[in-house]
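Taking it in order: structure first as structure tokens, then the write-up.
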Amino acid sequence: MLRRGRLKPPTDEMISEYTSSMRADVRIFKPVVQINMAHIIMLAERRIIPEEDAAAILRALHELHERGVEALELRPELEDIHMAVEKFVIAATDEEVGGKLHTAKSRNDQVAAAIRMTLRKDLLEVQAALLELIGNLIALAEKNTRTIMPGYTHLQVAEPTTFAHYLVAHASAFLRDADRLSHALEQASSCPMGACALAGTSFPIDRMRVARLLGFKHILENTIDAVGGRDFALQTISALAISMVNVSRLADELVLWGSAEFDMIEMPDEFAATSSIMPQKKNPVVAEIARAKAGRLTGNLVGALAVMKALPQSYNLDLQDLTPLLWDAIDQTRDSLKAMSKLMGAIEPKPEVMRERAEMSFATATELADTLVRRAGLAFRDAHAVVGRMVARAVKEHKSPRALSIEDLQAACREILGKGISLTEKEFKEAWDAEKCVEARGTLGGPAPKVIKGQINQLRRAVKNREKLVRARARAIAKAETKLLKDVRRRVR
Ligand code: ARG
């Protein structure tokens, strides 16, 4: 239909298929119909097309809206869904009337608007999935404020902490991810319609009116930017990729901790798979897939950046090839978050093993050094050397941390300082105790149970606020959609 004037009809099916976006366009079908509706209402209001023609076109669009994408011919030679919709409208009216549908608009502004409209709903869904994951993490944290576990640096046991403290760390990062997505959503929430091909139009259109009908508060003013910009997509994929990188860090720890070597969590059977040959195997497949998806998202981000890099303004068909990367980024992230959320709702820590790991690895050495500073008046650097020497001896003599006493500490003092110190056995034991150590870590944001409870409450409030915002945004979109349909129905009666 498009090639009637300038070009010969396409003869090579493979080439049509290669350059068409039809397959990916199914995702933007509904917004495309809505955009056409809003555009026609505006054209009629501005008397750019006659009311009767507008009514006939809206009748066809309404029928299409009711029948869904199945009513369309999705042949690749039509190039894309925009042309398929126009073809449907022309068939339902006639060339004389339906041929007016594309007055003062282009596929360039239309596709940019449709992507943004699809994306704003998708982003709300991803945000909701993130918030649910955070909710499950803090619910688990709440049950584990006294579950002692080793904290790691360099993947070497460092200091004792609690499982709650660890879970809240991940939850805090996920909350920032949710906020990044929220900002991406704001950036996507401006309407490009009216930019037409790139330079607007000489028809007296009302851009703000179309934007409002589609539930946008703002328009993208510069018409070149409106059709040529995809930074909102880059920002979205970037925020999604960061979020998946955060997911992969949690997932990787679950894989590690579920191994016999760590043995600190029990992976519920429904999140594991076995081997086709090794009967004993229980593989952490959900966590593995989630870990892998961070790689895929990184690929999507790099791919999208590469499409945009050095692309001249404004619209280039290259942009069409970026869109599927965006949808894949959304789908993979949403599903990963949902799966991880279920997993975190079911995972079981092994508190005895966690504690054992913390206590058998000299994790309280820092606390003992701090005690030497407080109780024996040592400078921290001296205390550090003394405790380090005690640990070195114990390691050399294969002595378990539990078997150490004040005598071992005094021996190290004599070696390092040339004299003993005044510290009681009780003070030594208290500093050496993982639970007491954690309880003493009352630093703002630290692992002490009463401190972590504060962090949990704060996170819970933050999640509630953001859930409210997500619901309000979803309601505003739904309201605009209902209102548009009502306007259309009034005009086609
Ligand atoms: N199929 C295109 C896309 O997805 C729509 C815009 C096409 N514009 C054009 N001038 N060929 O980006």
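The values are calculated or read from the model by the stated rules, or taken from the named source; none is laboratory data. Quick caveat, the model's predicted, so the values are computed rather than measured. Don't worry about glycine lacking a Cβ; one is built from the backbone with ideal geometry, like all the others, and counts go over all protein chains shown. Accessible surface is based on the protein model in full, side chains and every heavy atom, while ligands, DNA and RNA are left aside. Shrake-Rupley method; radii C 1.70, N 1.55, O 1.52, S 1.80 Å.
How big is the equivalent ellipsoid of region 1-139 along its three axes, where each semi-axis is √(5λ) from the Cα gyration tensor, reported in whole Å from largest to smallest?
Working through the eigenvalues yields semi-axes of 32, 21, 12 Å.
Treat each spin label as a single point 7 Å out from the Cα along the C-beta direction, and report the Asp318 to Glu70 distance in nm.
4.0
Angle, helix 163-188 long axis vs. longest principal axis of the chain, Cα atoms, 0 to 90°, nearest 10?
Taking the Cα atoms of the chain, the angle to 163-188 is about 20 degrees.
Take the Cα gyration tensor of region 125-186, multiply each eigenvalue by 5, square-root it, and list the three semi-axes largest first, rounded to whole angstrom.
Semi-axes from the Cα gyration tensor: 27, 14, 6 Å.
Angle, helix 365-376 long axis vs. longest principal axis of the chain, Cα atoms, 0 to 90°, nearest 10?
Here the helix axis deviates by roughly 50 degrees.
Enumerate by residue number the GluC sites (Glu not before Pro) in region 385-493 meeting two conditions: DSSP loop (anything except H, G, I, E, B), and at most 14 other Cβ atoms within 10 Å of the site's Cβ. List each step's numbers first, then the result.
Numbers: sites: Glu397, Glu407, Glu415, Glu425, Glu427, Glu430, Glu435, Glu439, Glu467, Glu481; in loops: Glu397.
Here the GluC sites (Glu not before Pro) that fit, given the DSSP loop and packing criteria, are Glu397.
So for region 201-299, Kirkwood radius off the Cα pairs, Stokes-Einstein at 10 °C and 1.306 mPa s: how many µm² s⁻¹?
Details: Rh = 17.6 Å.
Estimated diffusion coefficient is 90 µm²/s.
Quantify how much of the Cα-Cα distance distribution of region 136-292 extends past 26 Å, in percent.
Details: 6209 of 12246 pairs.
Value for region 136-292 (Cα pairs over 26 Å): 51 percent.
If eta is 0.890 mPa s and T is 25 °C, what Stokes-Einstein diffusion coefficient results for region 1-71, Kirkwood Rh from Cα pairs, in µm²/s? Show your work: numbers first, answer last.
Details: Rh = 14.4 Å.
The diffusion coefficient I find is 170 µm²/s.
Mind listing the phi-derived Karplus ³J(HN,Hα) values for region 456-466, rounded to whole Hz, using 6.51, -1.76 and 1.60 with θ = phi - 60°, and x for any glycine or proline?
Couplings: 4, 4, 4, 4, 4, 5, 4, 5, 4, 4, 6 Hz.
Diagonalise the Cα gyration tensor of the chain and give the resulting equivalent ellipsoid semi-axes, square root of 5 times each eigenvalue, largest first, whole Å.
Working: eigenvalues 787, 98, 75 Å².
Listed largest to smallest, the semi-axes of the chain are 63, 22, 19 Å.
With no solvent and one equal point scatterer placed on each C-alpha of region 244-393, evaluate the Debye formula and give log10 I(q)/I(0) for q = 0.19, 0.20 Å⁻¹, two decimals.
The computed values of log10 I(q)/I(0) come out as -1.07, -1.13.
Please give the solvent-accessible surface of Thr145 in Å², to the nearest 10, using a probe radius of 1.4 Å with every protein chain present.
The value for Thr145 is about 10 Å².
Roughly how big is region 154-279's charge dipole about its Cα centre, with Cβ charges of +1 (Lys, Arg) and -1 (Asp, Glu), in debye to the nearest 20?
On the way: 8 positive and 15 negative charges, 199 e Å.
The dipole of region 154-279 has a size of about 960 debye.
When only alpha-carbon atoms are used, what values of Rg and Dmax, in angstrom, describe region 355-493?
Gyration radius and largest Cα-Cα distance of region 355-493: 28.5, 99 Å.
Could you let me know the centre-to-centre spacing of region 252-266 and region 60-127, using Cα atoms, in angstrom?
If you average the Cα positions of each part, the centres end up 50 Å apart.
Just report the Cα centroid separation between region 446-481 and region 374-442, whole Å.
Here the answer is 44 Å between Cα centres.
What percentage of the solvent-accessible surface of region 389-443, computed with a 1.4 Å probe over protein heavy atoms, is contributed by carbon and sulfur atoms?
On the way: 1600 of 3130 Å².
So the carbon and sulfur contribution to the accessible surface is 51 percent.
Compare the peptides 319-326, 4-11, 235-242 by average per-residue count of other Cβ atoms within 10 angstrom and give them in order, highest first. If you can, show how the numbers build up before the last one.
Details: 319-326: 20.4, 4-11: 8.1, 235-242: 23.6.
Packing proxy ranking, top to bottom: 235-242, 319-326, 4-11.
Against the longest alpha carbon principal axis of the chain, how many degrees, from 0 to 90 and to the nearest 10, is the axis of helix 380-396 turned?
80
What residues qualify as long-range amide H neighbours of Ala158, i.e. H under 5 Å apart, gap of 5 or more or another chain, H built at 1.01 Å from N?
Residues meeting the criterion, in which the H sits 1.01 Å from N, are Gly151, Tyr152, Thr153.
Ordered by residue, what ³J(HN,Hα) values in Hz, to whole numbers, does region 477-488 give under the Karplus form 6.51 cos²θ - 1.76 cosθ + 1.60, where θ = phi - 60° and Gly and Pro are x?
Values per residue, Gly and Pro as x: 5, 4, 5, 4, 5, 5, 5, 4, 5, 5, 4, 4 Hz.
Suppose the Debye formula is applied to equal point scatterers at every Cα of region 310-394; what is log10 I(q)/I(0) at q = 0.20, 0.22, 0.26 Å⁻¹?
-0.96, -1.02, -1.15
At 1.4 Å probe size, with no ligands or nucleic acids counted, give the accessible surface of Asp433 in Å², nearest ten.
Roll a 1.4 Å probe over it and Asp433 shows about 50 Å².
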